[in-house]
1. From (1) surrounded by 23 or more Cβ atoms within 10 Å (Cβ to Cβ); (2) in a helix (DSSP H, G or I); (3) not basic (Lys, Arg), pick out the condition that doesn't hold for VAL49.
2. I need the full set of residues from the range 205-247 which are within 23 Å of PRO5 (Cβ to Cβ) and either at pLDDT below 95 or not aliphatic (A, V, I, L, M) (or both), in order please.
3. For the range 246-275: of the residues being in contact (Cβ under 8 Å) with a residue 60 or more places away in the chain and basic (Lys, Arg), which is farthest from PRO212 (Cα to Cα)?
4. I'd like to check something: does the range 139-153 contain any residue that is assigned to a helix (DSSP H, G or I) and more than 21 Å from PHE235 (Cα to Cα)?
5. Take ASP87 and decide whether it is more than 18 Å from TYR130 (Cα to Cα) and touching a Lys or Arg at 6+ places or on another chain (Cβ under 8 Å).
6. Please work out which one of (1) at pLDDT 95 or above; (2) within 28 Å of ARG111 (Cα to Cα) is the condition GLN283 fails and give its number.
7. Go through the range 1-46 and report how many residues are closer than 25 Å to ARG133 by Cβ, part of a loop (DSSP other than H, G, I, E, B) and either among the polar types (S, T, N, Q) or at pLDDT below 95 (or both).
8. I'd like the residue in the range 231-254 that is in a loop (DSSP other than H, G, I, E, B) and buried (at least 16 other Cβ atoms within 10 Å of the Cβ) and, out of all such residues, is nearest to the chain's Cα centre (by Cα).
Amino acid sequence: MQLKPINQQVVSVVGASSGIGRVTALEFAKRGAKVLVSARGESKLESLVEEIRRFGGDATAFVADVQSYSEVKAIADKTVEVYGRLDTWVHLPAISLFALFDEVTPEEFERVIDVNLMGQVYGAMAALPYLKREGRGALIHISSIEGRRSLPYQSAYSAAKHGIEGFTESLRVELAHEKMPISVTSIKPAVVNTPFWNNARTKLGVKPAGIPPYYDPKLVAEAILYCAEHPTRDFLVGDAAKALDLAQRISPSLVDSLLLLVGFPLQRSSEPKSEEAPNNFYQPVAEHDRIDGDFSNQVLPSITDLLDKNPILQWGAVAGAVALAFIAAQAMTPKE
């Protein structure tokens, strides 16, 4: 499967007003892609388009709410209307509610599913006809490591992320059956330092936090751009995501025990926040149009992401590990 170079692509970035979506749109535009950016907040999209145009990039804004299929379809239609085609669809929007499961109302749980899961489904439904018309392209769905391992306080969010994994796996096989060269990627970041934590609705009495370490949003954007050119099934962003995924595969009960120790205290910041405080659960928060969140002092680099994007380095690391194991085995072999 061969995808176009980014500088030849038309890309639709859904959920581009802040955080990962905003830096992703900027990076696509800097690399020469034509970008349609969409979100609920008009003023935040306008500032993003202005920023892109200042460095000579080509971007168009479109206001839409992913809870509505007709509005999501309109995003895809507008992309093709303005730029003539669609090559890559990147779907990011997500809302969150931090609360114990028995404190979540049916309406709140349904709202998270509607935005975080059905929004992603609508995105694929809207983009696929145009990607098929082009004969190739990429669907890039931003999931989470919570699509592999759920966390306390986030039952609805985790359920939605697990749902993304379910429908993308099915879709991927169907496209392969049709011999349709469309890449379907699920990107699963660990904890990322964005305004996500500021925007969250909470019933904890405090602003929620992630379980450290945090990673730079640009790290996720770089993974997205890589997958827009290189067909990739799954991309786990951040060393912590890969460690948690491995632990979950080996022993889910061990992860349960670890989360009993750290999952509750580490997801509570020391900053008071009421349930009525500004959040993006139903409406966008106008002032949160930045890329980075409030936890920059806890951001770490990720070594494994570099290896994932550089197969030569990856194989070199494997070869080095094998060589070291061989040398160690030789050193431990008893001498006659």
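The values are calculated or read from the model by the stated rules, or taken from the named source; none is laboratory data. Since the structure is predicted, the reported quantities are computational estimates derived from the model, not experimental observations. Backbone-built Cβ (ideal geometry, glycine too); neighbour counts: all protein chains shown.
1. Single failed check for VAL49: (1).
2. Correct list: LYS218, GLU222, TYR226, CYS227, GLU229, HIS230, PRO231, THR232, ARG233, ASP234, PHE235.
3. LYS273
4. Let us first name the residues in the range 139-153 that are assigned to a helix (DSSP H, G or I), namely 145-147.
Next, only the ones that are more than 21 Å from PHE235 (Cα to Cα) stay: none.
There is no residue in the range 139-153 that is assigned to a helix (DSSP H, G or I) and more than 21 Å from PHE235 (Cα to Cα).
5. no
6. (1)
7. Of the residues in that region, 3 qualify.
8. Initially, the range 231-254 is screened for residues in a loop (DSSP other than H, G, I, E, B), giving 231-233, 238, 251.
Subset that is buried (at least 16 other Cβ atoms within 10 Å of the Cβ): 231-232, 238.
Working: PRO231: 16, THR232: 14, GLY238: 12 Å.
Selected residue: GLY238.
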